[in-house]
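The values are calculated or read from the model by the stated rules, or taken from the named source; none is laboratory data. Source: prediction; values computed, not measured. So basically every Cβ, Gly included, is an ideal-geometry build from the backbone, and we count neighbours across all protein chains shown.
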């Protein structure tokens, strides 16, 4: 066992990190120990950390897709190491923190996220066949992503007990330790949910003859949906358009709400962000949005339009 790993795990939970975040941090620490070939962290040098960084950037391949790690994943693993070694130094397990001056690759947030237009959203919703069991489930998944702005993991882990059909709210467990809040269920989504809970989900459970699971969304085999299942589902319906994926619906929901006049603080609560700056990154307005806003609301432009208006 890595030194004080359980104590570090408990510390993360005490700081308000989510269970999955704490588990992920512990797992990344073990990944480093496996690469290093020893659990004795007292001998880790700055050169070892730099070699591990280069390995993550050039040599490591993902387990399922055999691709290089995304920059965000590399940065996350290195930040986890920095936190763990700082903790070990505070507990006097090591005298020198080998990650002290480690530079983490810069991640350009939101640069590759393509916002879907409202027409693209409507076209996506029309693709599943709601007359079939899985078609209605898939349509519900699209609706939930777009109307609740949940992350893929949050939607996969959403339990039946966290859905209040009477008051029309869901209470998701935040996957990144963000603010917990009750998210309203829109009327269009509520109707699909009723059909899914009354007919689709029980029918799937009855066919497979397995014990029911607590999660809301299930596969045709009766298991809980995973983020991988979600990505495969989107691949079936997006007709080769790679920019259509679960997180794009989250971004699009936030941006469309802002464009239609929603307050950014309310959007922050919906997305579960602790910092307003994070929400502002999700809701970047395009140049055309800014131009339209400027022309529509600036008092000088209003006065000019009034002066140019022809009189009868």
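Yes or no: residue 61 in the same structural domain as residue 85 (by TED's automatic domain parsing) and farther than 18 Å from residue 76 by Cα?
On the way: in the same structural domain as residue 85 (by TED's automatic domain parsing): yes; farther than 18 Å from residue 76 by Cα: no.
No: the conditions fail for residue 61.
Within the range 186-218, which residues are outside any helix (DSSP H, G or I) and in contact (Cβ under 8 Å) with a residue 12 or more places away in the chain? Working first, answer last.
From the range 186-218, those outside any helix (DSSP H, G or I) are 186, 209-218; that's our starting set.
Residues satisfying the conditions are 186, 210, 214, 215, 216, 217, 218.
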(request) Name the residue, out of 205, 200, that is surrounded by 14 or more Cβ atoms within 10 Å (Cβ to Cβ) and at pLDDT below 90. (result) 205
(request) Quick one: which residue in 253, 181 is assigned to a loop (DSSP other than H, G, I, E, B), touching a helix residue (DSSP H, G or I) at 6+ places or on another chain (Cβ under 8 Å) and touching a residue at least 40 places away in the same chain (Cβ under 8 Å)? (result) 181
(request) Filter the range 39-58 down to the residues that are surrounded by fewer than 13 Cβ atoms within 10 Å (Cβ to Cβ) and not in a helix (DSSP H, G or I), then identify the one that is modelled with the highest pLDDT. (result) 45
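Quick one: how many residues across the range 163-182 are modelled with pLDDT of 85 or more and over 21 Å from residue 233 (Cβ atoms)? Outline the logic, then answer.
Residues of the range 163-182 modelled with pLDDT of 85 or more: 163-172, 182.
Now restrict to residues that are over 21 Å from residue 233 (Cβ atoms): 164-169, 171, 182.
Of the residues in that region, 8 qualify.
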(message) Given the condition surrounded by 17 or more Cβ atoms within 10 Å (Cβ to Cβ) and closer than 30 Å to residue 252 by Cβ, answer yes or no: does some residue in the range 98-114 qualify?
(response) yes
